[in-house]
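Participant: Quick one: this structure, given as structure tokens, is what I'll be asking you about.
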Amino acid sequence: MQVGLDFDNTIACYDLVYRAIVDEKDVVPSGTPANKTAIRDFLRAAGREDEWTELQGYVYSEGMTYARPYPGVADFIATCRSLSIDVSIISHRTRHPYAGPKVDLHAAARSWLESHAIVTDGESTLTHDLIHFEVTKSDKLGRIADRSCRWFVDDLPEFLSDPGFPASTRRILFDPHNLHADGSESDTFHRLDSWDRIKTHILDEVNSK
Ligand SMILES: [Mg+2]
């Protein structure tokens, strides 16, 4: 049995990165709400789209210093490993930012996974061969199919609703801020707001077999 996990905004939480951008970088007024939408909307409205594009490169490289794993994700991985449920990370991330310094965004994510002990050589964590950074959405869908994931967890309803999504994979929407509606039909996705709930959901299904 295999469970696939998205990376950005599913494992890695960027809330503190946006907080640091508002507090420490001189790009938006200090009262700007510390989230992606507010910062992007401010820069767009000010005709500074290029700065927003460059800022995205910062968020997914150097800015990752401020990113934190969502609570419960390490425990989820450890629990799956202890029950012989295979876990892999399957993410869509460009290799380099669209603007700004040409850093390796895949290497930045891998090094973040090591620094937060999600990738180690221990038995309750992951190894690098289980981490897949794909450069297109269709490659990500292909990888989920290749690995025959029984479940896939992602923060984007539009990705989980993609017509190309493998039909045999059960889809879980990770929605920690309760921003989205439940899946419109039972064959789309199951929406859950924490890793503890995702763990319970998957284990209930495993145990009901
Ligand atoms: Mg994501």
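The values are calculated or read from the model by the stated rules, or taken from the named source; none is laboratory data. Please read these numbers as outputs of a predicted model, since none were measured by experiment. Neighbour counts run over all protein chains shown; Cβ positions are idealised from the backbone, glycine included. Heavy atoms of the whole protein, side chains included, go into the accessibility calculation; ligands, DNA and RNA do not. Shrake-Rupley method; radii C 1.70, N 1.55, O 1.52, S 1.80 Å.
Participant: Hey, among 198, 131, 202, which residue is over 22 Å from residue 15 (Cβ atoms) and within 16 Å of the ligand (Cβ to nearest atom)?
Facilitator: 131
Participant: From 145, 78, 46, 117, which residue is open to solvent by less than 70 Å² (accessible area, probe 1.4 Å) and either within 16 Å of the ligand (Cβ to nearest atom) or touching a Ser or Thr at 6+ places or on another chain (Cβ under 6 Å) (or both)?
Facilitator: None of the other options fit; the residue is 78.
Participant: Taking interchain pairs and intrachain pairs at least six residues apart, which have beta carbon atoms under 7 angstrom, with the first residue in segment 1-17 and closer than 13 Å to residue 112 by Cβ and free of Cβ contacts under 8 Å to residues at least 12 places away in the same chain and the second more than 10 Å from the ligand (Cβ to nearest atom) and open to solvent by less than 10 Å² (accessible area, probe 1.4 Å)?
Facilitator: Once the first residue is closer than 13 Å to residue 112 by Cβ and free of Cβ contacts under 8 Å to residues at least 12 places away in the same chain and sits in segment 1-17, no partner that is more than 10 Å from the ligand (Cβ to nearest atom) and open to solvent by less than 10 Å² (accessible area, probe 1.4 Å) comes close enough.
Participant: Taking only pairs six or more apart or across chains, which ones have beta-carbon atoms under 6 Å, a first residue in segment 166-181 that is of a type in the set (Val, Ile, Thr), and a second residue that is assigned to a loop (DSSP other than H, G, I, E, B)?
Facilitator: What qualifies is 169/149.
Participant: Taking the stated definitions as given, is residue 67 within 16 Å of the ligand (Cβ to nearest atom), closer than 21 Å to residue 178 by Cα, among the small types (Gly, Ala, Ser) and under 19 Å from the mean Cα position of the chain (by Cα)?
Facilitator: When the stated conditions are applied, residue 67 passes them.
Participant: So residue 59 passes all but one of these: (1) open to solvent by 70 Å² or more (accessible area, probe 1.4 Å); (2) out of contact with any Leu (no Cβ under 6 Å at 6 or more places or on another chain). Which condition number does it fail?
Facilitator: Condition not satisfied by residue 59: (1).
Let's see how each residue does on (1) assigned to a helix (DSSP H, G or I); (2) within 25 Å of residue 130 (Cβ to Cβ); (3) of a type outside the set (S, T, N, Q):
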| position | (1), (2), (3) |
| --- | --- |
| 28 | no, no, yes |
| 32 | no, no, no |
| 37 | yes, no, no |
| 43 | yes, no, yes |
| 47 | no, no, yes |
| 52 | yes, no, yes |
| 57 | yes, no, yes |
| 74 | yes, yes, yes |
| 79 | yes, yes, no |
